[in-house]
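The values are calculated or read from the model by the stated rules, or taken from the named source; none is laboratory data. If you're wondering where the values come from, they're calculated on a predicted model, not measured in any experiment. FYI the Cβ positions are ideal-geometry reconstructions off the backbone, even for glycines, and counts take in every protein chain you see. The protein model used for the area step is the full one, side chains on, heavy atoms only, and it has no ligands, DNA or RNA in it. Shrake-Rupley method; radii C 1.70, N 1.55, O 1.52, S 1.80 Å.
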Amino acid sequence: GVLLAHKHGHPHVLLLEINQTFFKLPGGRLRQDEDGVTGIKRKLFKRMAPIQEHFTPQWEINHLLAEWWRPEFDSLLYPYKPPHISKPKERKRVYLVTLPEKCLFAVPSNYLLRAVPLFELYNNVNRYGAVISNLPQLLSHFNFTIN
């Protein structure tokens, strides 16, 4: 899921950083027969929600931003399902998640939560990978009002 925050009047994407070299969006694998919205909510609550119930954020899953396809057992992801592939190995869905005005996160100790500005993500495939580096283009369809 794409969680947006703003800092100095500019949107930032919240990413999980592992070992100062690998970045990922919050989320994970779905259970069998689980729809995408239910799955992303479950993963966000499991990975990022505080233990205390009165601090639990009310995340809203608004838009499906993109679907990426992995046709084979390699690392390449495509923003389309190749026509010659009948059973792709993996399908990644990227959702836009609306955060409440104030939010508290509980991140596992092996992760670091980073707010990365859109201009750093743009066209930076080597550092962030294809999915994350394309988020500025996907988010350009929205008009954000930052107070």
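On the basis of being within 18 Å of the chain's Cα centre (by Cα), of a type in the set (Lys, Arg), at pLDDT 90 or above and open to solvent by 50 Å² or more (accessible area, probe 1.4 Å), does residue 46 make the cut? No, not satisfied. If you go through segment 113-145 and pick out every residue that is polar (S, T, N, Q), assigned to a helix (DSSP H, G or I) and surrounded by fewer than 13 Cβ atoms within 10 Å (Cβ to Cβ), you end up with 1. Of everything in segment 64-75 that is free of Cβ contacts under 8 Å to residues at least 60 places away in the same chain and part of a strand (DSSP E or B), the residue that is most open to solvent (accessible area, probe 1.4 Å) is 64. I'd like to know if segment 81-89 contains one or more residues that are in contact with a Phe, Trp or Tyr (Cβ under 9 Å, 6 or more places away or on another chain), modelled with pLDDT of 90 or more and within 22 Å of residue 136 (Cα to Cα). Yes, that holds for at least one residue.
Of all residues assigned to segment 1-21, at least one qualifies as being part of a strand (DSSP E or B), open to solvent by 20 Å² or more (accessible area, probe 1.4 Å) and either in contact with a Lys or Arg (Cβ under 8 Å, 6 or more places away or on another chain) or without any contact (Cβ under 8 Å) to a residue 60 or more places away in the chain (or both).
The single condition among (1) outside any strand (DSSP E or B); (2) open to solvent by 40 Å² or more (accessible area, probe 1.4 Å); (3) in contact with a Lys or Arg (Cβ under 9 Å, 6 or more places away or on another chain); (4) farther than 21 Å from residue 12 by Cβ that residue 34 does not satisfy is (2).
Residue pairs whose Cβ atoms lie under 8 Å apart, sitting 6 or more positions apart in sequence or on different chains, and linking a residue in segment 76-88 that is under 16 Å from residue 66 (Cα atoms) and open to solvent by 100 Å² or more (accessible area, probe 1.4 Å) to a partner that is outside any loop (DSSP other than H, G, I, E, B) and not small (Gly, Ala, Ser), are 80/69. Residues in segment 77-102 that are among the aliphatic types (A, V, I, L, M) and within 26 Å of residue 44 (Cβ to Cβ): 77, 94, 96, 97, 99. Checking the structure you have, find out if any residue of segment 98-112 is surrounded by fewer than 16 Cβ atoms within 10 Å (Cβ to Cβ) and in a helix (DSSP H, G or I). So far as segment 98-112 goes, no, none of its residues is surrounded by fewer than 16 Cβ atoms within 10 Å (Cβ to Cβ) and in a helix (DSSP H, G or I).
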